Amino acid sequence: MAIIAPSVLSANFANLEADIEMINNSEADWFHVDVMDGVFVPNISFGFPVIKALKKFAKKPLDVHLMIVEPDKYTQAFKEAGADLLSVHIEACPHLHRNIQNIKSHGMKAGVAINPHTNISLLENVIADIDLVCLMSVNPGFGGQKFIKHTYIKCAELKEMILKANANCLIEIDGGVNEITGPQLLSAGADVLVAGNYVFASDKPSQTIQALKQMRPNTTSMH
Ligand code: DX5
Ligand code: ZN
């Protein structure tokens, strides 16, 4: 069964507590928390005060996705704000191995996020060291974008890499997850499904989360 991580980016920031409670009471497993700096991505989301507020009410782990340059500068601050899992972008980290060790030394799980254009072969030398790969299925920066279909192939190849390395690393898919892409992603080996727009634009977010949780791999073609 997939781990479901609703993305808070699409929540109602004027009443965040209500959406946090909805996620607490739903079948969701994690909170997906998108941090954007306006430099690495062309958008700015939120920072430490919002994450701290979230942590106060959240009864499930915070999966924090950093879309920022120089993420290593803030590892400790994200730990203090309440991150349980911290993902940094491979494209933002010239010293990725060091960054991963730093995250782990702060007692968090370490993830690496990878953009649609970046070849997953670049993960080969760290795959055994990390807890999660956040495979971007849209260009990061905004919720509600169209799913990039090449992700299916990348996901299946990444799964192969993980199995070959005998690594203990989850594959998380981020962007455009819905009732069509979800089952196909599960059949390609995805372990964690992030969903923002699909959950929060639906009439009954809690039921949409339940539907995601009940999704099973699709055995037919990947189109
Ligand atoms: C995109 C973010 C995603 C986003 C996913 O930059 O990293 O987590 O919230 O949104 P949806 O599910 O709406 O595509
Ligand atoms: Zn994200």
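Things to note:
- When residues in region 56-88 are screened for being surrounded by 24 or more Cβ atoms within 10 Å (Cβ to Cβ), in a strand (DSSP E or B) and not polar (S, T, N, Q), 8 of them pass.
- In region 186-208, residue nearest to Leu132 (Cα to Cα) [restricted to those that are hydrophobic (A, V, I, L, M, F, W, C) and within 12 Å of ligand 1 (Cβ to nearest atom)]: Val192
- Scanning region 10-47 for residues that are hydroxyl-bearing (Ser, Thr, Tyr) and more than 12 Å from ligand 1 (Cβ to nearest atom) yields a single hit, Ser26.
- Number of the condition not met by Ile127 [criteria: (1) closer than 23 Å to Leu185 by Cβ; (2) in contact (Cβ under 8 Å) with a residue 40 or more places away in the chain; (3) more than 14 Å from ligand 1 (Cβ to nearest atom); (4) out of contact with any Cys (no Cβ under 7 Å at 6 or more places or on another chain)]: (4)
- Verdict on Ser87 being in contact (Cβ under 8 Å) with a residue 12 or more places away in the chain and away from ligand 2 (no atom under 16 Å from the Cβ): no
- Residues located in region 186-222, provided they are of a type in the set (A, V, I, L, M) and touching a residue at least 40 places away in the same chain (Cβ under 8 Å): Leu186, Ala190, Val192, Leu193, Val194, Ala195, Val199, Ala201, Ile209, Leu212, Met215, Met222
Values quoted throughout were computed directly from the atomic coordinates according to the rules given, and no laboratory measurement underlies them. On a predicted model such as this, the values are computed, not experimentally measured, just so you know. Cβ: placed from backbone, ideal geometry, glycine included. Neighbour counts: every protein chain shown.
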